[in-house]
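Asker: Submitted below is the structure of interest, expressed as structure tokens.
The values are calculated or read from the model by the stated rules, or taken from the named source; none is laboratory data. Only a predicted model underlies this, so the values are computations on that prediction, with no experimental measurement involved. Virtual Cβ from ideal backbone geometry, glycine too; neighbours counted across all protein chains shown. Please note that ligands, DNA and RNA were not included when accessible areas were found on the heavy atoms of the full protein model with its side chains. Shrake-Rupley method; radii C 1.70, N 1.55, O 1.52, S 1.80 Å.
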Amino acid sequence: METETMERVEMTAEERREYEEFKAERARRQREEAKKAARETYGQLVDSEVAQAIEELETLSRDIRTVKRSVYENFQTILGMKGELFGTSVDDQRSHTFTTSDSKYRLTLGVNTVDGYRDTVEDGIAMVKEYIESLAKDDDTRAMVGAIMRLLSKDQSGNIKASRVLQLRKMAEETGNERFMEGVKIIEESYQPTVTKRYIRAERKNSRGAWTSIPLSMTDVDETMNDVDETMNDKG
């Protein structure tokens, strides 16, 4: 009967070192290959999810644009009637708010604008400054001069805020000075705002009688969705 024997291989210290280095290198390559495979899987997952999300968001964007255009078109007749009934120019208003008779729903249509002025604004500013510089005679008048100069200060875009011009006109009317009022009038006539975007704000009342905004942007959804859901439940 033959007996199988296993030969024991003896390695020198140098051979043992080389063998351990070989195993370490092989393990390192396996780890690198695993990481590479994980990165490829991650990249494929990102590609897939981003493409799907963009497709869904593009559809949402088109739907929002369609609804927005439809709402504005539907309200053209109402805006025309509003101007005729109340004798106002709807084009001069930056926003229009409509509330249902039962006070359950409220809709606001408006435009965002950026203040701007024609070059003639500088002539009006010069006239106003000419007047107020002649006033600085005592503490009271110096305080008034300081208040007016603050109203004439410009923002980062180099424009006077329209709200400050309104305050300036009130001050001019209180003084009754023709030069002052003429300068303010020139500033007002130079006003040339630029319309940036049209917006729609939709609201409904909840069970507590408070107005709740219906989120119409990706940013607002998470913050107000609970209130809207509650309002919808109240309706049901």
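Asker: What is the one condition in (1) more than 21 Å from residue 195 (Cα to Cα); (2) open to solvent by less than 70 Å² (accessible area, probe 1.4 Å) that residue 130 does not satisfy?
Answerer: (2)
Asker: If you don't mind, there's one more thing I want to ask. Specify which of the listed residues (106, 94) is under 24 Å from residue 162 (Cα atoms) and charged (D, E, K, R).
Answerer: Values: 106 fails: under 24 Å from residue 162 (Cα atoms).
Unique residue meeting the criteria: 94.
Asker: Between residues in segment 19-44 that are on the phi > 0 side of the Ramachandran plot and residues that are aliphatic (A, V, I, L, M), which pairs lie under 9 Å by C-beta distance while being six or more apart or on different chains?
Answerer: none
Asker: Within segment 67-88, is even one residue touching a Gly at 6+ places or on another chain (Cβ under 9 Å) and either among the aliphatic types (A, V, I, L, M) or at pLDDT below 90 (or both)?
Answerer: no
Per-residue answers, yes or no, for (1) in a strand (DSSP E or B); (2) open to solvent by 70 Å² or more (accessible area, probe 1.4 Å); (3) of a type in the set (A, V, I, L, M):
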| position | (1), (2), (3) |
| --- | --- |
| 169 | no, yes, no |
| 174 | no, yes, no |
| 184 | no, no, yes |
| 189 | no, yes, no |
| 195 | yes, yes, yes |
| 204 | yes, no, no |
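Asker: Among the candidates 141, 99, which residue alone is hydroxyl-bearing (Ser, Thr, Tyr), open to solvent by less than 90 Å² (accessible area, probe 1.4 Å), on the phi < 0 side of the Ramachandran plot and at pLDDT 90 or above?
Answerer: Going through 141, 99 in turn, just one is hydroxyl-bearing (Ser, Thr, Tyr), open to solvent by less than 90 Å² (accessible area, probe 1.4 Å), on the phi < 0 side of the Ramachandran plot and at pLDDT 90 or above: 99.
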